[in-house]
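To keep things clear, I will list the structure first and then write my remarks on it.
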Amino acid sequence: MQKLTSNEIRKKWFDFFESKGHKVLESAPLVPQDDDSLLFINAGVTPLKKYFDGSVVPDNKRLVSIQKCIRTNDIDNVGVTKSHQTFFEMMGNFSVGDYFKKEALEFAYEFLTSPEWMDIDKNKIYVTIYTKDDEAYNKWVSLGLDPSHVIRLEGNFWEIGEGPCGPDSEIFYDRGEEYDLDGTALEKFTKDEDQERYIEIWNNVFSQYNSKSGVSRDEYAELPHKNIDTGAGLERWCCIFQGVDSTFETDLFVPIIKRIEELTGKTYNGEMPFKVIADHMRAITMALSDGAIFENSGRGYVLRRLLRRSVRMGKKLGVNEPFLYKIVDTVVENMKESYKELLDTKAVVKTLVLQEEELFHNTLASGERKLYQLISESKDKTISGYDVFKLYDTFGFPFELTLEYLEEEGYTTDKEEFRRYMEEAKKIAKDSHKTQTNMNIQNEVLLNFKEPSEFLYDTYEMESKVIGLIKDGELVDSLDSDGYVILDKTCFYATSGGQVADTGAMKNGNFKAKVTDVIKAPNAQHLHKVEVIDGSIRLNDICTIKIMEDKRKRTQANHSSVHILQKVLQEVLSENIHQAGSYVDSERLRFDFTYTGKISEEQILEIEKRVNDKIDNFDEVLIREMPLEEAKKLGAMALFSEKYKDIVRVVKIGDSIELCGGTHAKNTMDIGRFAIVKLESKGSNLYRIEATTSEMIEELIGEVIKNYVEEIKKLLNKAKMILDSAKEEKIDLDFDLMLDQSGMSSYADIIYNKNQLAYVQNEVRLLEKKYNEEKVKNQSSNLDEYLSVAQTYNDITAIVTRTDNKEIIVLKEIVDNLINKIGKGFVFIANEKDGNVNFICRSSCDINAGLIVKRASQMSDGNGGGSPTFAQGGGKTVEHLNEIFEVIKQDLKDCK
């Protein structure tokens, strides 16, 4: 067997199968075409599904390929094991209704052992086959394999759900005794256990049956056209034919690792960072070349994760600046003979990698600092899911990367809490109507659009001039459908500072349009998203614009309430309360804040009361612009995350003073009333209050109370069912609830209904407990019917009988009472119910209850078991009960 380069192996693969009449297929792109079910092509057969499912007939039914693949389900194992890769090449030969098992195995044996091809000693080859595949066994032996080298395994059957399936035969190469120092490899191999001596190099799948749910494998129907699908990993073959221990020592990786040595100034001695970078850069280069891009979701997120993980590994090697893009050249040079398109895309790929590296370096340092700050502050080696989410959301710090850091430091986090925040963030993004298309509007056109536009706060209707029209990211002269409008002055508030945008209309004699959203352009102009209802908007048009006044006023009332709320929170809870986020629209307000402590219902009621007290002061809302330093001297509250200009807008509402650019009520009397709808903890020391004002109070609080009332109704229905059952069974139960209706105007009403629900839950729970106790007492008190069938075996009193429609809790009480009554003995009861059977057994002798019940359950198509003294189980059939009883009685007779 001679040593071969990866290119020589590829060439031999194609040449051999071409000589057998196969058509050579170029590798499909890694990015699936017309298949949204996959992020990347992950198997050689994947691009050929159209042939195997019969939707397309190939012009040649014999096919051969070497397919580029990416699998990312075990990224964390890359660099840990000797053979895990994200990008790999899968060599495969395929038959679409042409040759089958006999020819496939002949091709494999010839290619592997012939001196003209791979020249492997046949004694180095071992194969596994499906347990019942005698045809494959006989064929391998007839070709020349030692029968002891053909191993039957139940797992050698390829099947994924319903559809084509069949046995398979895996081919293994024996690497010799140096990989079997304890001499156990063969035994492990024959048991399908992990070992390093015999490594898989090729799998032949014989697709010959059609699997169907509910049909046993032996009864699967045969396919009308049988197919062959094989796969042989090039990286594994390179290990064998280059005589190395790991794929990272093959010519597929050595040039890349040498380049990493040059860039880092470090020498490679098997360290994990070298292997991770080499592997990930192969995957990134090949995927970008095939049209993938870095994104925040899907395959783009996978690539982003690979790159960011590589950056981190580079930092471990002492590299703190972009360098991965320099490795692209080496990957291309190493792969260009097989994938010439890499030369055409190299420049683009390098640019994409460099830009992504720079982007990540800009956020990584601050994210790392924040993470290590959280680690240093943690007292229980746990970082909250919220803090991990903020790392992701604020610093762009990948969740998986955070997990790796935490694992290295011996810390953990709440993954479910993180995912809840991620889902909430996605929902907020969706609800705010800022789609990707919206954001793409902020392109070079807008960056270069410098014409000034003025926003006027206290106006609901005005005349304006159209100074910019945008459609599909380009400036246009007219707009007769959906698009964006920029005005020289506007009264439409643009979403910012947690407050949503105004909506309304604009019109003149030539057009009518709805304004459905407003966002800020890069140069601070308000960008109005419009739906043209009639006519056409033209550049330089003079038009009348009008916001929805009632909506604005409700939004203003809610916004002013947020300011008052924050001040009250500082008074009631702590002056160290800090805002962590807010949201204000015309229906409700949401305020997130940090607080180290628990918040009681009494405190929430006090907060709600004080906010309303301040509203009832009828304070005028005073708004002034002033230098930032002057505002600070006044004690104006500001967000730490905000960057303020030299001149700021200060909003004073009673004793609340804040920096704010939002719209507000004229006087607190305009707010009306304030009501808290919900308080919830959002993570470590983070709380959220949801509230509303005026006319929305009854609606939103009523919605919460309605949910409580519905739960109470369900519980009362449950109680009625329990009482009805108790009456039938002549069980006397008392159940008397004192429930009142409340209003729907404050958080106190919510608390009242919440407490009523808790009260009803407890009362129904006690009722159910009492009912069960009485039922058990009633049904288990009469033991005579069971004692009457007792028999004595040697010195053992045994009761083996059946009953029906008993609850498990009752049966347990019965067998306990019986065993206490008879002393040394054995009790076994079969309880028939709804066509099934339950078994329960108690033993105080040498008969093992657990074994008895397990056997009985299995005889009834079920399962069960327990300890020697107590066991329970069940089955789906009752036909064998008499047989079960006879077997148990024989056990009792045999017991000495």
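The values are calculated or read from the model by the stated rules, or taken from the named source; none is laboratory data. These numbers come from a predicted model, not from an experiment. Cβ: placed from backbone, ideal geometry, glycine included. Neighbour counts: every protein chain shown. Remember, those area values only see protein heavy atoms, side chains included, never the ligands or the DNA or RNA. Shrake-Rupley method; radii C 1.70, N 1.55, O 1.52, S 1.80 Å.
When you look at ILE171, is it out of contact with any His (no Cβ under 6 Å at 6 or more places or on another chain), closer than 20 Å to LEU4 by Cβ, outside any loop (DSSP other than H, G, I, E, B) and among the β-branched types (Val, Ile, Thr), yes or no? So ILE171 passes the test. LEU391 falls short on exactly one of the conditions (1) open to solvent by 50 Å² or more (accessible area, probe 1.4 Å); (2) modelled with pLDDT of 80 or more, and that condition is (1). Among the residues of region 397-421, those identified as open to solvent by less than 50 Å² (accessible area, probe 1.4 Å), within 17 Å of the chain's Cα centre (by Cα) and among the acidic types (Asp, Glu) are GLU400, GLU417. For region 133-154, a tally of residues being open to solvent by less than 40 Å² (accessible area, probe 1.4 Å) and among the polar types (S, T, N, Q) returns 0. Can ILE151 be described as within 23 Å of LYS49 (Cβ to Cβ) and of a type in the set (A, V, I, L, M)? No; evaluated as a whole, the condition is false for this residue. Within region 605-627, the set of residues being closer than 23 Å to TYR747 by Cα, open to solvent by 80 Å² or more (accessible area, probe 1.4 Å) and either part of a strand (DSSP E or B) or among the acidic types (Asp, Glu) (or both) comprises just one member, ASP616. Take VAL677 and decide whether it is in a strand (DSSP E or B) and hydrophobic (A, V, I, L, M, F, W, C). So VAL677 passes the test. LYS3: open to solvent by 50 Å² or more (accessible area, probe 1.4 Å), of a type outside the set (Gly, Ala, Ser), touching a strand residue (DSSP E or B) at 6+ places or on another chain (Cβ under 9 Å) and over 19 Å from TYR109 (Cβ atoms), yes or no? When the stated conditions are applied, LYS3 does not pass them. For region 833-869, the candidate set comprises residues that are in contact (Cβ under 8 Å) with a residue 40 or more places away in the chain and at negative phi; within that set, the residue that is surrounded by the most Cβ atoms within 10 Å (Cβ to Cβ) is VAL837. Set side by side, the residues GLY743, GLY672, GLY702 differ, and just one is among the small types (Gly, Ala, Ser) and either assigned to a strand (DSSP E or B) or modelled with pLDDT of 85 or more (or both), which is GLY672.
Within region 91-124, the set of residues being closer than 30 Å to ALA292 by Cβ, at pLDDT 95 or above and open to solvent by 10 Å² or more (accessible area, probe 1.4 Å) is empty. Exactly one residue out of LEU288, LEU303, LEU263 is open to solvent by 40 Å² or more (accessible area, probe 1.4 Å), of a type in the set (A, V, I, L, M) and either at pLDDT 90 or above or assigned to a helix (DSSP H, G or I) (or both), and it is LEU263. Could you check, for region 587-604, whether at least one of its residues is modelled with pLDDT under 95, surrounded by 15 or more Cβ atoms within 10 Å (Cβ to Cβ), in a helix (DSSP H, G or I) and within 40 Å of the chain's Cα centre (by Cα)? Within region 587-604, one or more residues are modelled with pLDDT under 95, surrounded by 15 or more Cβ atoms within 10 Å (Cβ to Cβ), in a helix (DSSP H, G or I) and within 40 Å of the chain's Cα centre (by Cα). Any residue in region 305-321 that is among the basic types (Lys, Arg), touching a Phe, Trp or Tyr at 6+ places or on another chain (Cβ under 7 Å) and under 17 Å from GLY79 (Cβ atoms)? Yes, because at least one residue in region 305-321 is among the basic types (Lys, Arg), touching a Phe, Trp or Tyr at 6+ places or on another chain (Cβ under 7 Å) and under 17 Å from GLY79 (Cβ atoms). Of everything in region 802-832, what is within 25 Å of CYS895 (Cα to Cα) and open to solvent by 40 Å² or more (accessible area, probe 1.4 Å)? Give them in sequence order. ARG802, LYS812, ASP816, ASN817, ASN820, LYS821, LYS824 - these are the residues of region 802-832 that are within 25 Å of CYS895 (Cα to Cα) and open to solvent by 40 Å² or more (accessible area, probe 1.4 Å).
Restricting attention to region 232-257 and to residues that are of a type in the set (Gly, Ala, Ser) and surrounded by fewer than 20 Cβ atoms within 10 Å (Cβ to Cβ), the residue that is farthest from LYS12 (Cα to Cα) turns out to be SER246.
Here ILE240, ILE260, ILE277, ILE327 are screened, and the one residue that is more than 27 Å from LEU39 (Cβ to Cβ) and among the aliphatic types (A, V, I, L, M) is ILE240. Got at least one residue in region 221-231 being at pLDDT 90 or above, out of contact with any Gly (no Cβ under 8 Å at 6 or more places or on another chain) and closer than 18 Å to GLU333 by Cβ? No, region 221-231 has no match at all. Might you let me know whether region 82-89 holds any residue that is touching a Ser or Thr at 6+ places or on another chain (Cβ under 9 Å), at pLDDT 90 or above and charged (D, E, K, R)? Looking through region 82-89, at least one residue is touching a Ser or Thr at 6+ places or on another chain (Cβ under 9 Å), at pLDDT 90 or above and charged (D, E, K, R). One residue stands out among those in region 667-701 that are of a type in the set (Val, Ile, Thr) and more than 23 Å from GLU549 (Cβ to Cβ): the one that is surrounded by the fewest Cβ atoms within 10 Å (Cβ to Cβ), which is VAL677. All but one of (1) hydrophobic (A, V, I, L, M, F, W, C); (2) free of Cβ contacts under 8 Å to residues at least 24 places away in the same chain; (3) touching a helix residue (DSSP H, G or I) at 6+ places or on another chain (Cβ under 6 Å) hold for ALA221; state the number of the condition that does not hold. (3) is the only condition that ALA221 fails. Scanning region 15-34 for residues that are touching a residue at least 40 places away in the same chain (Cβ under 8 Å) and surrounded by 17 or more Cβ atoms within 10 Å (Cβ to Cβ) gives PHE16, PHE17, HIS22, LEU25, SER27, ALA28, PRO29, LEU30, VAL31.
Of all residues in region 816-824, none satisfies being of a type in the set (Gly, Ala, Ser) and assigned to a strand (DSSP E or B). When ALA580 is tested against (1) farther than 28 Å from ASN617 by Cα; (2) open to solvent by less than 50 Å² (accessible area, probe 1.4 Å); (3) in a strand (DSSP E or B), only condition (1) is not met. All but one of (1) without any contact (Cβ under 8 Å) to a residue 12 or more places away in the chain; (2) touching a Ser or Thr at 6+ places or on another chain (Cβ under 7 Å) hold for HIS880; which doesn't? Only one criterion in (1) without any contact (Cβ under 8 Å) to a residue 12 or more places away in the chain; (2) touching a Ser or Thr at 6+ places or on another chain (Cβ under 7 Å) is unmet by HIS880, namely (1). Might you check whether a residue that is open to solvent by less than 60 Å² (accessible area, probe 1.4 Å), at pLDDT below 80 and closer than 25 Å to ARG588 by Cα occurs anywhere in region 709-728? Among the residues of region 709-728, at least one is open to solvent by less than 60 Å² (accessible area, probe 1.4 Å), at pLDDT below 80 and closer than 25 Å to ARG588 by Cα, which makes the answer yes.
In this structure, does THR792 turn out to be open to solvent by 20 Å² or more (accessible area, probe 1.4 Å), out of contact with any Phe, Trp or Tyr (no Cβ under 9 Å at 6 or more places or on another chain) and assigned to a strand (DSSP E or B)? Yes: the conditions hold for THR792. Out of SER310, SER366, one residue alone is open to solvent by less than 10 Å² (accessible area, probe 1.4 Å), in a helix (DSSP H, G or I) and either under 23 Å from PHE399 (Cα atoms) or in contact (Cβ under 8 Å) with a residue 24 or more places away in the chain (or both). It is SER310. Would you check if ILE199 is crowded, with 21+ Cβ neighbours inside 10 Å and either more than 28 Å from ALA221 (Cβ to Cβ) or in contact with a Lys or Arg (Cβ under 9 Å, 6 or more places away or on another chain) (or both)? Answer is no for this residue.
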